[in-house]
Amino acid sequence: MPDRIDSIVFDMDGTIVLARDVAIQSVKRGTKEMFEELGIDAELPTIERILDSIGKPSPEYFASLFPDLEPSVRAKIQQRIYQLEAKLLAEGVGSFAPGAPGALVKLRRMGLKLGLASNCGVGFLEANIDAFGLDKYFDMILCSGMRGYPPKAALVKEILAEFGSQMAMMVGDRSYDIEAATECKMIPVGVSYGYGAPGELQGAELVIDNLNQLPSLLDGSNSETQVTSREHNAS
């Protein structure tokens, strides 16, 4: 079995970037505008519902926000929200997660392959790439919208196959990330600052508060942290 991790796949929102305010503002404003245009008399999604839905594939995300609307109406609101998300990100709303840029640079210098796998749509991914320059940090970036919204594990498997990885780690903030890691036989690592509800990261081998903990963990300088390795099949 390989004795060291050669690749890490990260979730995006809630792990590498924090777009909480982007989600809340775009959904609240976009929904209000479209309800007025379409003559819909209904309550706006609550902040709690918005945050709880983040991390789901885009079709499920919008179905969770608007469970009582017809798909055609939901699609119109979805497009308005997409436009507002891109606008807000371009205006500087949202930020990198704690320690993200420095940690990613260090990990690449250590020779690790870095992938990004998100359940979002193509538009949201591209807006984040533009806003944060994500393409300079990652060797491969995939989102569910690029592949017809499969489970996240399918995206992760594609990245690992491209890397030819023999041992990998998955880092994320939601149960979807832990489930993908388990299915792909990776080491699951959670982050405490994302959108995950209490108990959602119970399957993680380790939960960290800052991404800068990863380089020291992987080069062995953090003697207090232990992670159990799991070999995966990259085929």
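The values are calculated or read from the model by the stated rules, or taken from the named source; none is laboratory data. Worth saying up front: this structure is predicted, and the values here are computed from it rather than measured. A quick note on method: Cβ atoms are made from the backbone with ideal geometry, for glycine too, and the neighbour counts reach across all protein chains shown.
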Boolean, MET186 is at pLDDT 95 or above and either among the charged types (D, E, K, R) or surrounded by fewer than 22 Cβ atoms within 10 Å (Cβ to Cβ) (or both): no
Where a residue in the range 67-91 is farther than 16 Å from SER53 by Cβ and its partner, wherever it lies, is surrounded by 15 or more Cβ atoms within 10 Å (Cβ to Cβ) and among the acidic types (Asp, Glu), with Cβ under 9 Å and at least six apart: ALA86/GLU126
Residue match in the range 140-147 (condition: of a type in the set (Lys, Arg) and under 16 Å from the mean Cα position of the chain (by Cα)): yes
Subset of the range 113-140 (residues that are hydrophobic (A, V, I, L, M, F, W, C) and in a helix (DSSP H, G or I)): VAL122, PHE124, LEU125, ALA127, ILE129, ALA131, PHE132, LEU134
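Would you check if ILE178 is out of contact with any Lys or Arg (no Cβ under 6 Å at 6 or more places or on another chain), assigned to a helix (DSSP H, G or I) and without any contact (Cβ under 8 Å) to a residue 24 or more places away in the chain? Step through it out loud before you land on a result.
On the way: out of contact with any Lys or Arg (no Cβ under 6 Å at 6 or more places or on another chain): yes; assigned to a helix (DSSP H, G or I): yes; without any contact (Cβ under 8 Å) to a residue 24 or more places away in the chain: no.
Taking the combined requirement at face value, the residue does not satisfy it.
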The one condition in (1) within 18 Å of the chain's Cα centre (by Cα); (2) surrounded by 18 or more Cβ atoms within 10 Å (Cβ to Cβ); (3) within 24 Å of LEU211 (Cβ to Cβ) that SER58 fails to fulfil: (3)
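If I ask for residues that are touching a helix residue (DSSP H, G or I) at 6+ places or on another chain (Cβ under 8 Å), in a helix (DSSP H, G or I) and either under 16 Å from GLU85 (Cβ atoms) or touching a residue at least 40 places away in the same chain (Cβ under 8 Å) (or both), which ones from the range 48-59 would you list? Even if it seems obvious, please write down each step before you answer.
Keep residues of the range 48-59 that are touching a helix residue (DSSP H, G or I) at 6+ places or on another chain (Cβ under 8 Å), which gives 49-58.
Okay, now just the ones that are also in a helix (DSSP H, G or I), so 49-53, 58.
Correct list: ILE50, LEU51, ASP52, SER53, SER58.
Restricting the search to the range 77-101, which residues are of a type in the set (Gly, Ala, Ser), in a helix (DSSP H, G or I) and either more than 30 Å from LEU214 (Cβ to Cβ) or under 18 Å from the mean Cα position of the chain (by Cα) (or both)?
First, pick out the residues of the range 77-101 that are of a type in the set (Gly, Ala, Ser): 86, 90, 92, 94-95, 97, 99-100.
Now drop any that are not in a helix (DSSP H, G or I), which leaves 86, 90, 100.
Matches in the range 77-101: ALA86, ALA100.
Here's the yes/no breakdown for (1) out of contact with any strand residue (DSSP E or B) (no Cβ under 6 Å at 6 or more places or on another chain); (2) more than 22 Å from CYS143 (Cα to Cα); (3) assigned to a loop (DSSP other than H, G, I, E, B):
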| site | (1), (2), (3) |
| --- | --- |
| ALA154 | yes, no, no |
| ILE159 | no, no, no |
| LYS185 | yes, no, yes |
| GLY190 | no, no, no |
| GLY196 | yes, no, yes |
| VAL207 | no, yes, no |
| LEU211 | yes, no, yes |
| LEU214 | yes, yes, no |
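Here is a check on your reading of the model: is GLY30 at positive phi and of a type in the set (Gly, Ala, Ser)?
Values: at positive phi: no; of a type in the set (Gly, Ala, Ser): yes.
The answer is no for GLY30.
Within the range 21-34, take every residue that is charged (D, E, K, R) and touching a helix residue (DSSP H, G or I) at 6+ places or on another chain (Cβ under 7 Å) and give me the one that is surrounded by the most Cβ atoms within 10 Å (Cβ to Cβ). Spell out the reasoning first.
Step one: of the range 21-34, the residues charged (D, E, K, R) are 21, 28-29, 32-33.
Next, only the ones that are touching a helix residue (DSSP H, G or I) at 6+ places or on another chain (Cβ under 7 Å) stay: 29, 33.
Numbers: ARG29: 16, GLU33: 14.
Within the range 21-34, the match that is surrounded by the most Cβ atoms within 10 Å (Cβ to Cβ) is ARG29.
Considering each of ILE40, ILE81, ILE47 in turn, give the residue that is surrounded by 18 or more Cβ atoms within 10 Å (Cβ to Cβ) and outside the structural domain of SER144 (by TED's automatic domain parsing).
Working: ILE40 fails: surrounded by 18 or more Cβ atoms within 10 Å (Cβ to Cβ); ILE47 fails: surrounded by 18 or more Cβ atoms within 10 Å (Cβ to Cβ).
After applying the criteria, what remains is ILE81.
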Subset of the range 119-157 (residues that are closer than 25 Å to ASP6 by Cβ, among the charged types (D, E, K, R), in contact with a helix residue (DSSP H, G or I) (Cβ under 8 Å, 6 or more places away or on another chain) and surrounded by fewer than 21 Cβ atoms within 10 Å (Cβ to Cβ)): ASP135, ASP139, ARG147
